[in-house]
Amino acid sequence: MAPPESGKGQVLDQVHTIAYRGFKISRPTPAVLYRTSELYRTTPAMDELQDLDKETLLAVMNIIKCAFDRTPIARCNVDNTDVDVFRTSSFMAASYKNRLPPEDVQGRSIHIPMRLNGEHRELVPIDSNEHQAIRTRLLSLRLTLLTSVELADRLRLNAVEATNPAVLGFDGRAKDIIRALAFAAGMFNENEA
């Protein structure tokens, strides 16, 4: 959440550029999120959520909540009366102008507070060498972890041991988020998350 002209779109551009199958979208509909997430395993970077009507916003918030732990979402298919079951992505980026998401969505989120900036600054040029290097490392990590369950388990255990969320005072969902971040940082051999 941030005021206009604070750089939310630039942050979403960065997420879109380095995320696995990044997909930047403005004012998404639930159907688009269900389909792209299920069929293509995208990482949506959603902008302008404050412009959604109330019903659509509630549906998108439900998708975000269910993505936290990949809770299945069932929907009736109007074309053939079948029930379609979707499991949405585990990571999504979203931006709002001057508005916070509901509390239960905030509890499953990492917040990046932003404020109005006087002058426009480009963070990192899109598709720079830095982006390409990060994407290469992330793809390498993904392929390594997909082919070696033992390595994934060992690295996950090391990351959890290195940053014990309970010792740092985190519990509940915050503990789960910290654990995920510690795991990601451990994959890149970073000492601080």
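Please name which of THR43, PRO3, PHE86 has its Cα lying farthest along the dipole of segment 1-111 towards the positive end, using unit charges on Cβ (Lys, Arg +1; Asp, Glu -1) and the Cα centre as origin.
It is THR43.
Quick one: if you stick a label point 7 Å off each Cα along the C-beta vector at THR147 and LYS54, how many nm between them?
Going by the 7 Å Cα→Cβ label model, 5.3 nm.
What are the ³J(HN,Hα) values, in whole Hz, obtained from phi via the Karplus relation 6.51 cos²θ - 1.76 cosθ + 1.60 with θ = phi - 60°, for each residue of segment 77-83 in sequence order, with x given for Gly and Pro?
The phi angles translate into 8, 5, 6, 9, 6, 6, 9 Hz.
Taking 0.36 nm per residue of sequence separation and subtracting the Cα-Cα distance, how much length would be gained by fully extending the chain between ARG135 and ARG154, in nm to one decimal?
Taking 0.36 nm per residue and subtracting the Cα distance, the gain is 4.6 nm.
Tell me, what ³J(HN,Hα) does each residue in segment 51-68 have, in order and in whole Hz, if you take phi through Karplus 6.51 cos²θ - 1.76 cosθ + 1.60 with θ = phi - 60° and put x for Gly and Pro?
Rounded to whole hertz, the list is 8, 6, 5, 4, 5, 5, 4, 4, 5, 5, 4, 5, 4, 4, 4, 6, 5, 3.
Pop a pseudo-label 7 angstrom from the Cα along the beta-carbon direction at both MET114 and VAL85 and give the gap in nm to one decimal.
3.7
Can you give me the C-alpha center-to-center distance between segment 19-94 and segment 138-155, rounded to a whole angstrom?
Measuring centre to centre over Cα atoms gives 27 Å.
At 1.4 Å probe size, with the rest of the protein present, what percent of the exposed accessible area of segment 1-112 is carbon and sulfur atoms?
53
What aspartates and glutamates could a cross-link reach from LYS65, if we take a straight Cα to Cα line under 15 Å and drop same-chain neighbours fewer than 8 places away?
GLU103, ASP104, ASP176
So which lysines pass the test for LYS8, namely a Cα distance under 20 Å, with those fewer than 8 places away in the same chain ruled out?
Leaving aside lysines fewer than 8 places away in the same chain, those within reach of LYS8 are LYS24, LYS97.
The values are calculated or read from the model by the stated rules, or taken from the named source; none is laboratory data. The model shown is predicted, which means the values in this text are computed figures rather than measured ones. Cβ sites come from the backbone with ideal geometry, for glycine too, and all protein chains shown count toward neighbours. Side chains are part of the model used for accessible areas, which takes the heavy atoms of the whole protein and leaves out ligands, DNA and RNA. Shrake-Rupley method; radii C 1.70, N 1.55, O 1.52, S 1.80 Å.
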